[in-house]
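Everything on this sheet refers to the single structure shown next.
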Amino acid sequence: MLASIASVFRVTAWKNGAALIMSARTFTDFTTRATFEIKKCDLFLLDEGPATQVVLTRDEGLQYYRTMQVMRRMELKADQLYKQKMIRGFCHLYDGQEACAVGLEASINLSDHLITAYRVHGYTYTRGGTVKEIMAELTGRRGGIAKGKGGSMHMYCKTFYGGNGIIGAQVPLGAGVALACNYLGNNELCVCLYGDGAANQGQIFETYNMAALWKLPVIFVCENNRYAMGTSVERAAASTDYYKRGEFIPGLRVDGMDVLCVREATRFAADHCRSGKGPILMELQTYRYHGHSMSDPGLSYRTREEIWEVRSKSDPIAMLKDHMLSHNMASVEELKGIDVEVRKEIEDAAQFATTDPEPPLEELCNHIFYNEPPFEVRGTNLWTKLKSLS
Amino acid sequence: MAAAARLFLRGANSKLSIAPGSLGTTHAAHFTFQPDPVPSQYGPTQKMNLFQSITSALDNTLASDPTAVIFGEDVAFGGVFRCTVGLRDKYGKDRVFNTPLCEQGIVGFGIGVAVAGATAIAEIQFADYIFPAFDQIVNEAAKYRYRSGNMFDCGNLTIRAPWGCVGHGSLYHSQSPEAFFAHCPGLKVVIPRSPIQAKGLLLSCIADKNPCIFFEPKILYRAAVEQVPEDPYTIPLSQAEVLQEGSDVTLVAWGTQIHVLKEVASMAQEKLGVSCEVIDLQTILPWDIETVCKSVVKTGRLLISHEAPVTGGFASEISSTVQEECFLNLEAPISRVCGYDTPFPHIFEPFYIPDKWKCFEAIKKMINY
């Protein structure tokens, strides 16, 4: 009783006074947990797969909703800033694929490791980065998560290894991280992501072999958003069953637009790895609304109808919202309240990102090597030497 | 050092201010494209930019050589830089086709196509992505003829890749890796400065019986417009071109940097009364030692400039050879105005690239040595 009154006051604080409407329904009205039926995963080299009946609690639902909404709004803001030329260079947006990042993170710990390619803004957030740091990195300012030196593709956190521009290059790295986990005996694993285009790179197959041979705790995740830049999967791959490509590695094909599916599959995969059975491969079938990057309108290789269809039938945020509302786990106003809060957070972050100063010139040559004492870097002329600190 | 940095910034006036929030200034290009006069000896010409001149060269090749095939990532619809627009429709999908995302596979496959006797023109989407294919290029393509005692060769292979800084490319869309390949005997490395040169040099590379890597300055794809001959023509490889004669300083560069140096030459003439000889090296490997040395013997001073980092950049090879050949003719140490020894930066690009002010400063120092 006291708890629900306290919750009401918290909610009132959110909406700055106009929340009395909400307090008409106390929180004891909401269902705290509900069971959902999710899609069965396609299995490869596995006798049984993830559960098809899952439990979602109200708190979890609200947290996933909020996280996905932050990611969505952050990407849309980045789109806006890019068009205003505040962000330049390359910017690969993640909207549409939020369920993958949130679902994955829900079943692993922050102490586990994750590495992905260049569509990283979402993962940087779920792995511990703040929206302010992410946006400041996009605009190349000193408050950015990589001090403004990396940009859109190169963002990192303590257990998030980026942020890699060269396609496929991150996969062997991920296996190496997993080897270190094994070696250090800390029961951690590494989630190693790549896309449907990257799945055709040679390094990935080399990594499958090493991971299976040495039973590394790697979860390979192929985020199949159907298009490698502008090339559809049918035109690029001899086999579009990406979850079977591991050949001797067990695989799962998961509906990547449903956060509950992704969460359950990841839970299954994480158990598999942690029990010492070796690597496992998950193909997340997902979709991106934007083009490959901001220089790609995304319409020359797919139709507007297709995008609209996915948006209206399988949008991850809409699906979660639907689940929660239909099972009385939240109210429309509450979710709207979260939306407003998220919008404000993103606005503040964008404000920071556009006003923070750029990194100082001295930063140009820092962090090339690890060195003590600082050394000099040859510059564009004989007599120009800049100092490199690390 | 900080003082030197400030000096450059002051000298650079509007273009390079890295003041907080000064965003509009990063858009200005660091060079002005200077078109060549219309060539009269190759027949009727048409206005084309760099990517159109490449398309024209490829069109001529596919028309005259029935074994020629073009492949790479996204070439079928025209390529991310529109270099292969219209070719698939004109010549068929068995001659212009997409490969999956696998650079090592693309080049390896290309070597095979070339060895079997067809003309292979492989595209690597950005020169920054050529490294997975580095083993195939250096260990297989370059050494094929040598190791088989001339029984086999992959001379029919030409690899094309967009190259160099573009204003916002950051670490992995701006690299100039010519120095890595210059270290490999058996390959030819060619970099054009303009559409007319590009078409002629590309056709020479395709015709050349050695594996060639053709780097195309991506910042010039749209910016460089010239009257380019429609018919095929070749420009000889391994011949540097003297663009402007002079008597006091020799300036050597290739690709986009030539346009920077041309501007530097006119600045030097105007402000210092110094007469510069500008040489476009064009072919990096094997490079035209004679032309450069003859020029240095005449002027006594040499400045080499490229975007790639200074340590181990190709300027070091030129510098070393020139001092061997022309030691007693040198009036001042050879100057290399190149990129810093850092990865190609994201936000610091305007400061990183060897722009005209840095080159101008280097000339001043050489003259007053």
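Please report B:140, B:349 as a ranked list, fewest other C-beta atoms within 10 angstrom at the top and most at the bottom. It would help to have the intermediate numbers written out before the result.
Values: B:140 19, B:349 22.
By the 10 Å Cβ count, ascending: B:140, B:349.
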Dimensions (Å) - segment B:203-279, Cα atoms, principal axes, largest first = 44, 26, 21
At 222 nm, what helix-only mean residue ellipticity would the protein assembly as shown give, in deg cm²/dmol to the nearest 500, using -39500 (n - 2.57) for each DSSP H run of four or more?
-> -11500 deg cm²/dmol
Going by the alpha-carbon gyration tensor, a ≥ b ≥ c the square roots of its eigenvalues, is segment B:65-143 rounded (a/c under 1.5) or, if a/c is not under 1.5, prolate (a/b greater than b/c) versus oblate?
-> oblate
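So what is the relative contact order for chain A, in percent, with contacts set as C-alpha pairs under 8 Å and at least six apart?
Working: 752 pairs, mean separation 79.7, N = 390.
For chain A, the relative contact order is 20 percent.
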Calc'd 3J(HN,Hα), segment B:244-256, phi into Karplus 6.51 cos²θ - 1.76 cosθ + 1.60 (θ = phi - 60°), Hz, glycine/Pro = x, comes to 8, 8, x, 10, 10, 9, 9, 10, 10, 7, 8, x, 4
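Using a 10 angstrom Cβ neighbour count of at most 14 plus a DSSP loop assignment to flag exposed trypsin sites (Lys or Arg not before Pro), which longest range of chain B is free of such sites?
It works out to B:210-369.
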With the calculation restricted to Cα positions, what are the radius of gyration and Dmax of segment B:256-360 in angstrom?
-> 13.9, 43
According to the square roots a ≥ b ≥ c of the eigenvalues of the Cα gyration tensor, what is the shape class of segment A:120-230, taking rounded for a/c under 1.5, prolate for a/b larger than b/c otherwise, and oblate for the remainder?
-> oblate
Would you please give the residues with an amide H less than 5 Å from that of residue B:275, counting only those at least 5 places away or on a separate chain, with H modeled from the backbone geometry?
-> B:247, B:248, B:249
On a C-alpha basis, how far is the centre of segment B:126-179 from the centre of segment A:341-386 in Å? Whole number, if you could?
-> 32 Å
Relative to the compact-globule estimate 2.2 N^0.38 Å (N residues), the Cα gyration radius of chain B stands at a ratio of 0.98
Semi-axes of the equivalent ellipsoid for segment A:333-382, Cα gyration tensor, largest first, Å | 44, 13, 7
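Under a point-charge model restricted to the Cβ atoms of Lys and Arg (+1) and Asp and Glu (-1), what is the dipole moment magnitude of the protein assembly as shown relative to its Cα centre, in debye to the nearest 20? Before the final figure, lay out each step's value.
Numbers: 73 positive and 83 negative charges, 240 e Å.
In debye, rounded to 20, the protein assembly as shown gives about 1160.
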In whole angstrom, the spacing between the Cα centers of segment A:117-135 and segment B:184-225 equals 40 Å
Treat every Asp and Glu Cβ in chain B as -1 and every Lys and Arg Cβ as +1, leave all other atoms uncharged, and give the resulting dipole magnitude about the Cα centre to the nearest 20 debye.
-> 540 debye
Karplus 3J(HN,Hα) series, Hz, for segment A:85-102 with 6.51 cos²θ - 1.76 cosθ + 1.60 (x for Gly, Pro) | 6, 7, 10, 10, x, 9, 9, 9, 9, 9, 5, x, 9, 4, 4, 5, 5, 5
What list of ³J(HN,Hα) values in whole Hz, one per residue of segment B:164-180 in order, does the Karplus curve 6.51 cos²θ - 1.76 cosθ + 1.60 (θ = phi - 60°) give from phi, with Gly and Pro shown as x?
-> x, 6, 9, x, 9, x, 6, 4, 10, 9, 9, 6, 10, x, 4, 5, 4
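Report the relative contact order of segment A:175-254, percent, no decimals, based on alpha-carbon pairs under 8 angstrom and at least 6 residues apart. Working shown, then result.
Values: 90 pairs, mean separation 25.6, N = 80.
Computed over segment A:175-254, the figure is 32 percent.
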Amide H within-cut-off set for residue A:191, under 5 Å, with H built and near neighbours excluded | A:113, A:114, A:115, A:219
Quick one: plug the Kirkwood hydrodynamic radius of segment B:69-227 (C-alpha pairs) into Stokes-Einstein at 10 °C, 1.306 mPa s, and report D in µm²/s.
-> 101 µm²/s
Which of the cysteines in chain B are isolated, no other cysteine C-beta under 4.7 Å?
-> B:83, B:102, B:154, B:165, B:184, B:276, B:293, B:326, B:338, B:359
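Return A:171, B:297 ranked ascending by Cβ neighbour count within 10 Å, so the fewest neighbours appear first.
Details: A:171 28, B:297 15.
Exposure proxy ranking, most exposed first: B:297, A:171.
Under the definition of Cα pairs under 8 Å and six or more residues apart, what whole-number percent is the relative contact order of chain B?
17 percent
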Quick one: which residues, 5 or more positions from residue B:243 or on another chain, have an amide H under 5 Å from its amide H? H modelled 1.01 Å from N in the peptide plane, none for Pro or chain starts.
-> B:278, B:279, B:280
Kindly give the semi-axes, whole Å and largest first, of the ellipsoid equivalent to segment A:92-165, taking each as the square root of 5 times a Cα gyration tensor eigenvalue.
-> 19, 13, 10
Cα pair distances exceeding 15 angstrom across segment A:32-89, given as percent | 70 percent
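For B:84, B:342, A:126, what's the fewest-to-most ordering of other Cβ within 10 Å of each Cβ? Can you show the working numbers first?
Values: B:84 27, B:342 20, A:126 24.
Final ranking by Cβ density, sparse to dense: B:342, A:126, B:84.
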In whole angstrom, how far apart do the alpha carbon centroids of segment B:300-369 and segment B:55-94 sit?
-> 38 Å
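For the protein assembly as shown, just run the numbers: alpha carbon Rg, then divide by 2.2 N^0.38 Å, N being how many residues it has. Write down the numbers at each step before the final one.
Working: Rg = 28.6 Å, N = 759, 2.2 N^0.38 = 27.3 Å.
After normalising by residue count via 2.2 N^0.38 Å, the value is 1.05.
Among A:244/A:277; A:132/A:387; A:132/A:321, which pairs are too far apart, with a Cα-Cα distance over 22 Å?
On the way: A:244/A:277 17 Å; A:132/A:387 29 Å; A:132/A:321 26 Å.
Pairs exceeding 22 Å: A:132/A:387; A:132/A:321.
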Fraction of the pair-distance distribution of chain A above 39 Å, Cα-Cα pairs, percent | 21 percent
Take every Cα-Cα pair in segment A:268-361 and report what % of them are more than 19 Å apart.
-> 71 percent
Base-10 log of normalised Debye intensity for segment B:125-207 (one unit scatterer per alpha-carbon) at q = 0.11, 0.16 Å⁻¹ | -0.34, -0.69
What's the Kirkwood radius of segment B:317-369 in Å, using all Cα pairs?
-> 12.9 Å
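Compute the Kirkwood hydrodynamic radius of segment A:194-337, taking the inverse of the mean of 1/r over all pairs of distinct Cα atoms, and give it in Å to one decimal. Mind dumping the intermediate values first?
Values: mean 1/r = 0.0591 Å⁻¹.
Kirkwood radius, segment A:194-337: 16.9 Å.
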Cα-based Rg / Dmax (Å) for segment A:188-242 | 12.2, 37
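Throughout, read-outs are computed from the coordinates displayed, never taken from laboratory work. None of these values were measured; they are calculated from a predicted model. Cβ atoms come from the backbone with ideal geometry, glycine included; neighbour counts cover every protein chain shown.
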